[in-house]
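Derivation of every value follows stated rules applied to the coordinates shown; laboratory data play no part. For clarity, every value in this text was computed on a predicted model and none was experimentally measured. All Cβ positions, glycine included, derive from the backbone under ideal geometry; neighbour counts span all protein chains shown.
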Amino acid sequence: MRQPSAGPKLICSCFLLMVATAAGTCLATPVIPGHSEIDADLGAITAQLPDQPAGPLAPFHLALGSSLGDIEQRASLEQRGRLRARDDIYLHASLRRQRDEPELLPAPDGLRVLDGDLFFHQGSGTALVEATLLVEATVSREAAIATLESWLGAPEFEVLLPGALNLALGWQTAEGYLLATFSDLQIFQISAFSDRPADLMAGSQIVLYEGLSDYSRDRAEGLPEAELSSRLDEVVRWVESARRALRRVR
């Protein structure tokens, strides 16, 4: 598992809390919800968007590495300030709804973006390195997962975490990674980040992603649950420590 040399990445605290809970609890073998039993009219749910970019954010017409100006052509943004970690500075922007805009971001049928935070690395020409979106599954959780699969393929892993049926799925593409976390509610969260292990933000997200991937693989191979939970707990603690280096720039 790779660990970036410079540390951290801003990670959504609610997702990190779910993983921390999983790391500290011995789990029974989960039954992952199947996706093959979804209604036959799924074609309407997975409607394609024209001119979609490649990569983990393709369903939402975004691309990692895009500039702030590129994204402002597709969505209204509000700049929220800058973050610094050692020599790296990031620009934080959030999605903002205009009165004449029906949606924050384009999305396939069955998904609706409710909120989002974007982080740009200013040292890389203000390139998007991480995006966290709050998304509503307007049909069902299973349909939303199937929609993501229709764009990104089968996930690399599915991990059922304890408490409220929390489910984490991970995809890796040539352009970057995507983590999606679901509960028993219709609202779920996705986090997409670049494949840049030395980057302070993306790098520690990669550590978390690979920790979950290793956990999923090792559980399938029957390794002792106590050992797996200890390993995952160690990953989560490292990531928590790494993100504390991020400070607001005044």
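When a/c reaches 1.5 or more, the comparison of a/b and b/c decides; with that in mind, is the stretch 103-230 rounded, prolate or oblate per its Cα gyration tensor? Oblate, since a/c reaches 1.5 and b/c is not below a/b. Applying 0.36 nm per residue to the separation of Ala174 and Thr126 and subtracting their alpha-carbon distance, the gain on full extension is 15.2 nm.
Assuming charge only on the beta carbon of Lys and Arg (+1) and of Asp and Glu (-1), the dipole of the stretch 97-249 about its Cα centre is about 580 debye to the nearest 20. One Cα centroid belongs to the stretch 62-111, the other to the stretch 177-224; the line between them spans 22 Å.
For Ile187, nonlocal amide neighbours, meaning residues 5 or more places apart or on other chains whose placed amide H falls under 5 Å from its own, are Ala137.
I'd like the FRET efficiency for Arg82 and Glu227, computed as 1/(1 + (r/R0)^6) with the beta carbon distance as r and R0 of 51 Å, rounded to 0.05. That pair, Arg82 with Glu227, gives E of 0.80. For the stretch 195-205, 3J(HN,Hα) computed residue by residue from phi via the Karplus equation (6.51, -1.76, 1.60; θ = phi - 60°) reads 8, 9, x, 7, 6, 4, 7, 5, x, 6, 5 Hz, glycine and proline entered as x.
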